[in-house]
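S.K.: One structure coming up, written as C-alpha cells, with questions to follow.
The values are calculated or read from the model by the stated rules, or taken from the named source; none is laboratory data. Just so it is clear, the model here is predicted, and its values are computed rather than measured. Every residue, glycine among them, receives a Cβ derived from its backbone with ideal geometry; neighbour counts consider all protein chains shown.
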Amino acid sequence: MARRAPGGLRERLSPALTPGQRRRRRRLDAYAEPNSTALVFTGQRASVLRRGNFRKACGWPDAADAIGLPGLHFHDLRHTGNTLAAQAGVTLADLKARMGHDSVQPR
C-alpha cells in the first residue's frame, strides 16, 4: 500500500503491526544482536539465561499471574506454538522438526 507523503513523494507503508508486535520489535531492536543466532532473553551480563535462574531473572511467575494464567510454565508455550501451527496447516514433518522429534510415537 502506498500513500502520498508531504511534498508529493510516495512512501511505502508496511503492514500494520499489532501493539504486541510493536513491543517485540522494540525489544529486539534494543536488546538483540541483528543476526539469526542472537539471544532474545539474556541474563544480567548479556549471557545465556540458564534453566535454574530463568524464572527469577525474567519475572515469569509475576508475568503469568498478570495475564491470568498462574502456574503457566514456559515450556507450555512450546506445545501451544505447535498446536497453533498444526491448526494453521503445518505438516507433520515440519511439526516434528520444530519440536526436535524424529517420531510421533510416545517414548
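S.K.: Which of (1) in contact with a strand residue (DSSP E or B) (Cβ under 8 Å, 6 or more places away or on another chain); (2) at pLDDT below 80; (3) surrounded by 10 or more Cβ atoms within 10 Å (Cβ to Cβ) is the odd one out, the single condition Leu49 does not satisfy?
M.R.: (2)
S.K.: Go through (1) surrounded by 10 or more Cβ atoms within 10 Å (Cβ to Cβ); (2) part of a helix (DSSP H, G or I); (3) at pLDDT below 75 and name the single condition Gly7 misses.
M.R.: (1)
S.K.: Being among the hydroxyl-bearing types (Ser, Thr, Tyr), more than 29 Å from His101 (Cβ to Cβ) and modelled with pLDDT of 75 or more is the requirement here; does Thr18 meet it?
M.R.: Criteria met by Thr18.
S.K.: Follow-up question, since we're still on this one. Looking at the range 77-93, can you tell me whether even one residue there is of a type outside the set (Asp, Glu), more than 18 Å from the chain's Cα centre (by Cα) and either assigned by TED's automatic domain parsing to the domain that holds Gly20 or in a loop (DSSP other than H, G, I, E, B) (or both)?
M.R.: yes
S.K.: Let me ask another. Taking the range 64-76 only, how many residues are part of a helix (DSSP H, G or I) and within 29 Å of Lys96 (Cα to Cα)? Don't jump to the end; show me each part of the working.
M.R.: Narrowing the range 64-76 to residues part of a helix (DSSP H, G or I): 64-66, 74-76.
Filter once more, keeping what is within 29 Å of Lys96 (Cα to Cα): 64, 74-76.
Looking only at that region, the number is 4.
S.K.: Moving on. Which members of the range 48-75 meet the condition of being closer than 26 Å to Ala38 by Cα and among the hydrophobic types (A, V, I, L, M, F, W, C)? Give the steps one after another, and end with the answer.
M.R.: From the range 48-75, those closer than 26 Å to Ala38 by Cα are 48-64, 72-75; that's our starting set.
Hits for the range 48-75 are Val48, Leu49, Phe54, Ala57, Cys58, Trp60, Ala63, Ala64, Leu72, Phe74.
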